[in-house]
1. Return yes when Val446 is assigned to a loop (DSSP other than H, G, I, E, B) and not assigned by TED's automatic domain parsing to the domain that holds Ser324 and no when it is not.
2. Of the conditions (1) outside any helix (DSSP H, G or I); (2) surrounded by fewer than 16 Cβ atoms within 10 Å (Cβ to Cβ); (3) in contact with a helix residue (DSSP H, G or I) (Cβ under 9 Å, 6 or more places away or on another chain), Val183 fails just one. Which one is it?
3. If Arg197 satisfies every condition in (1) more than 30 Å from Glu285 (Cα to Cα); (2) in a loop (DSSP other than H, G, I, E, B) but one, which is the exception?
4. Please go through segment 257-281 and pick out each residue that is touching a Ser or Thr at 6+ places or on another chain (Cβ under 7 Å) and either of a type in the set (S, T, N, Q) or in a loop (DSSP other than H, G, I, E, B) (or both).
5. Taking the condition within 27 Å of the chain's Cα centre (by Cα), at pLDDT below 85 and over 17 Å from Arg178 (Cβ atoms), does Lys604 pass?
6. If you take the residues in segment 451-474 that are free of Cβ contacts under 8 Å to residues at least 40 places away in the same chain and part of a helix (DSSP H, G or I), which one is farthest from Leu151 (Cα to Cα)?
7. Within segment 474-484, restricting attention to residues that are buried (at least 21 other Cβ atoms within 10 Å of the Cβ) and touching a Gly at 6+ places or on another chain (Cβ under 8 Å), which residue is nearest to Asp519 (Cα to Cα)?
8. With the condition kept exactly as written, say whether any residue in segment 683-694 is among the charged types (D, E, K, R) and loosely packed, with under 13 Cβ neighbours inside 10 Å.
Amino acid sequence: MSRFALTWFIFGTVAASAAVDFETQILPIFEKNCFECHSAKAKKPKGDVSLDTAVALAEIASEFEWKEVVGLLKLPSGDDDLMPPEDKGKPLRKDDIALIEQWVQEGAKLGSFIAFTHRVGKQTSGLGQKSIATETRAAAAEVDRLVAAGLQQRGLERTPEIDDATFLRRAFLELAGRNPTAVAAAAFLESKAADKRSGLITQLSDSAAYVSRHLDYWEKVLRAQSKQDGNEQDTWLRYLRTVIAANQPYDQWVREMFTSEGRMWENPAIGFYMRDTKNRLAGYEAMSAVFLGTDIGCAQCHDHPLKPLSQLGYFKMYGFYSASHPFNGTQDRFTAMKDRDFVASYEKRNSDAREKRLSQREREMQMVILGYVSSADLKNKITARDETSGSRVPDSYRYDDVKHKSYLHPEPIFGKAPALAKKGEKPMEVFAQWTTDPQNLKFTHVIANRMWLKIMGAPVLGPPTDIVVPEASANPVLAAHLAELMLACGYDLKKFQAILMNTRTYQSVAVPAEKVGADFVFQGPVMRRLSAEQIWDSLLTLIRVDIDPPVATPVPDFSFLRALRGAESPDRYWELVNAEIDLQMQDKTGYFGARGDSIRSDVKTSRQGFDSDFLVRASELKSPAPDGHFLQVFGQGRRGVIEDQWDTATIPQALMLLNGNLHDEVAKPGSAISTALGDMADPAATIRRIYLAALARMPDQDELALARQVTADGSRESYFTLLWILLNTTEFILQP
C-alpha cells in the first residue's frame, strides 16, 4: 500500500492545504519588515512590543487580539496607525498580509519557536538576545509574575504561603532526597535570619546529599543499572555521580555521552550505549524521548497517524545512533583464557586450604568483583564509525517509496538536517552538536520542562518524554520563558532549580494531585508521595550519623584492570582478584575506590537483608535493588523503561513499615536518633525532638498531649513507639 493510500485509509480525507508554519513563513516577514522597531535589535522596542521571542508574541496574544494586528496591516496609505509606518519602508505585500491572516485564523501557532537569533557581524549562537535575569531573586520574581498572570486569566489565586517547617522538609526532600536530622531541623526553625530559606537552598545544593539525590533521579531517567545485558555498569554510575558533583552543564555531559567511545574503564560515558547492547532500537527510542522530548516508538512500524513522524524518518535518524555500536569482533587473549580456564581454576581454588577459610561474605565479595572485572573484557567497548555510516531500510518497512535494504543517509526526524561535511567526522558527533545546539528548541524545552516537573510536581509542557509545543501549554508565556531561562543559566541545572525553589509559587501550600488537570496553572506545587529512595533514605537518617557519602569520587586505579588484561596465567589472574578482595574487605582503596561501599552493598542487597553494615543511601546500593528489597516493595522500579517507578500504596508496604527489620535498627542504642534523644529526662523536649526527626516540625498542643499519653511511663520503648507511630502516618509518606 502506498503512503498516500494508507494515510487516506486512516483519516478518510487529505487536507486541502498545509497549515502555515511560523518559523519558515511568518518569521521571515517579521524580520524583513518589523524587527527594526519591534525586536531586540532596537534599543527600546517601539510601544514595548517585540516580535522576536515566543514570550513577547504570547504577551501580544494575551493583551491584544492578533486580528487587531492584522487590521493595522490593512489600513490605507496615509493612516497614522498603518503598520509598518510608511516612513520605515514599503507596506507589506498583499500576499504577505494574507499569509499572516491565515496564520492568525489557524490559531497563531508558534510551533517549537522560542526566539530569533539576531546576527551582528559574525553569527552568534543562542536563543535571541533578550535579556533574561539569572540573579536568583530577580529570576524567581519573573517566574512568579508569569505564573500570576496565568492564574489571573482564569480568575484563580495562589494558595497561602507555607510556614518554615513545611519549607524545611520540602526543600530537604527535593534537594537532599531525605528528611533533615532533628538537629538540622531545630537549627533552621530557630534561626532568625531573613534569608534563611534561600540560604538553605544554597546549603543543600552544595551538599553531598544533593549528589546522592540527583544520582537517584538520573538513574531513573536514563534507566541506569548496575548490570545490564551482562555488562557491569557501575563505572557509568560513577561517571553520572561525577558530572552531578561537578555541576557540569547539562548540554555538556549529554554531548559527552553521545560522542563516547572506547572501553568502560577508559571512557565511562559509554555506559550510555552499553545500557542497550541487546536492543539497540530501545536505546535509540529512549534517547529521543529523554533528550528531544519526542516519543518515536510508533514510527518504528509505521508512519505516526497523528504526528509528522514517518517510519522512513525513524530509520534515517537511527543512522546516527547506530554508528556508535558495541564491539562485536573476536575475543582477545584475556577473554579466551578466562573462558577456557575459569571453571578448572575455580575448582582448584575450592580445594585450596585458603579457599576453605573464606567467609560467606568473602565468597560473595569474590563473585561480585569477578562480575565487575568484566570491564576488562575487550567486548565491553563502543566503536564509533565515520561519516560513511548510516542505517538501511528494514524488511518491515511497509511503504513503496524506497527499496528494502537501501542505504539511508542519517537525518534527524524533525528540524533541519545537519551536514556531515568533514571527512572522518563521526555521525554522533554531528548529532550531538545538532541536539544540544540552542537553536534546537526542543532540547531546551525538554530539560526546562523536566526540571519544572521535578520541582513543582506537574509539567508545563506535558510529559517530558513527549512534550507539546508552548502554545498548547496552559501558560504559553511561562513555558517559553522557562526555556529562555534555562539557556540563560547555561544549562546549569543546580542554578535553575534554585531559582524555581526561591519562587513564591514553590513556597505555596501544595495542591492535591486529584485537582491537577491539563489546564493546571500552578496555584502551588503538586502534593506527591515520597519516592522509594526518599523513604529509605529518610529512615536511614534516623539510623546513621554519616549517611551521606563523600562528594568527591576518586578516579579508579586502572592498573588493576591493565594487570588483569596482561595476566599470563589463570593463577596470576586469581592472585590479582584475591588481592582486590583483601583490599575491599579491609576497607582499603583498591580499583573500586570510593565505590567500594557500593561493591559491599551489592553483596548485601543480593541477600535482600537489612544488615546494619550495609544500610547506606539508595544511591550507593545496587541499581535497581533486588526483588523483595525495601526499595522494590516501595516502588523503585526495575529501570527497564524511563522512570518506571510507581507510588501505589500496598499491603506489603504497610507491613514492612510496621513490622520490618528497619524498626530494630532505628531503636538500637547508638543509632542516630538514639544519640539525638539522649537520656530522655525531659518528656516534652524528647517528644519535640522525635517530631523534628520524623516530620521536621514541632508538635502542636493537641499532638503534644496525645504524645504524653503514649509516653506516660517514660520508658525508652514508649518513646520509640511514638516515633514509629509518626513514621507510619500519611504525613511522613507525603512530600508537604
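1. Considered against the rule, which asks whether it is assigned to a loop (DSSP other than H, G, I, E, B) and not assigned by TED's automatic domain parsing to the domain that holds Ser324, Val446 comes out as no.
2. (1)
3. Evaluating Arg197 over (1) more than 30 Å from Glu285 (Cα to Cα); (2) in a loop (DSSP other than H, G, I, E, B) leaves (2) as the failure.
4. Residues satisfying the conditions are Glu261, Met264, Trp265, Asn267.
5. no
6. So, considering only residues that are free of Cβ contacts under 8 Å to residues at least 40 places away in the same chain and part of a helix (DSSP H, G or I), the one farthest from Leu151 (Cα to Cα) is Leu453.
7. Asn475
8. Scanning segment 683-694 turns up no residue that is among the charged types (D, E, K, R) and loosely packed, with under 13 Cβ neighbours inside 10 Å.
The values are calculated or read from the model by the stated rules, or taken from the named source; none is laboratory data. Predicted model only: the values in this text are computed from it and were never measured. Virtual Cβ from ideal backbone geometry, glycine too; neighbours counted across all protein chains shown.
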